[in-house]
Amino acid sequence: MYFEDIKIGTEYPITPTVIDKDKMLAFANEYDPQPFHTSETLAKSSPYGTVIAPGIMAFMCIWSKFVKMDVWDGGFLAGQDTNLYWYAPVYPGDTLNATVKVTNKGRVNRLGGLLELTTDVINQNDKCVMRNITNGVIRSREREQHPEKVG
């Protein structure tokens, strides 16, 4: 599949993800060692009352499943940028559901075409806990057939 074949509004549902407490704590201790991520005792006095997942870790659980789906048959060439917005904490044992949606398309450049992908992550209580907007470069038929014509 090529950039030219992808339509704005196309949605890719992601298999639900359960946040595993042991993996969460291991990630937090390694990459985001804040007490509300790593210590059940100290987290009791936090605004959350218990440990919560690092936002990056929770999102990467979703993104990993999307990448493994390989919906563009190896055509995702690079990420250009990403914005992640956190709306509510994610707790151990939460089930996260998400859909990646193509929300915009850009021009073809020297690598391929630019897609804006919006991912809304919803917990088991139907609460949106985060949103990610990523601009990614997708293989382009135009670029492969006429590389001299693209900037």
Tell me which residues, restricted to segment 1-43, are among the aromatic types (Phe, Trp, Tyr) and not in a strand (DSSP E or B).
TYR2, PHE3, PHE27, TYR31, PHE36
TYR48 vs. criteria touching a strand residue (DSSP E or B) at 6+ places or on another chain (Cβ under 9 Å) and within 19 Å of ASN123 (Cα to Cα):
no
Residue hits (segment 70-92; of a type in the set (Val, Ile, Thr) and either touching a residue at least 60 places away in the same chain (Cβ under 8 Å) or part of a helix (DSSP H, G or I) (or both)) are VAL71, VAL90
Kindly evaluate TYR87 against the criterion of being farther than 26 Å from LYS7 by Cα, out of contact with any helix residue (DSSP H, G or I) (no Cβ under 9 Å at 6 or more places or on another chain) and among the aromatic types (Phe, Trp, Tyr).
yes
Selection from segment 30-41 of residues that are loosely packed, with under 13 Cβ neighbours inside 10 Å and either among the aliphatic types (A, V, I, L, M) or under 19 Å from CYS61 (Cα atoms) (or both)
GLU30, TYR31, PRO33
Is one or more of the residues making up segment 47-69 part of a strand (DSSP E or B) and either at pLDDT 95 or above or of a type in the set (A, V, I, L, M, F, W, C) (or both)?
no
Cross-chain or 6+ apart pairs with Cβ under 6 Å, segment 100-118 first and within 13 Å of GLY79 (Cβ to Cβ) and in contact (Cβ under 8 Å) with a residue 60 or more places away in the chain, then assigned to a loop (DSSP other than H, G, I, E, B) and among the polar types (S, T, N, Q):
GLY112/SER140
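The values are calculated or read from the model by the stated rules, or taken from the named source; none is laboratory data. The structure presented is a predicted model; accordingly, all values stated were derived computationally and were not measured. With ideal geometry, Cβ positions are generated from the backbone for all residues, glycine too; neighbour counts draw on all protein chains shown.
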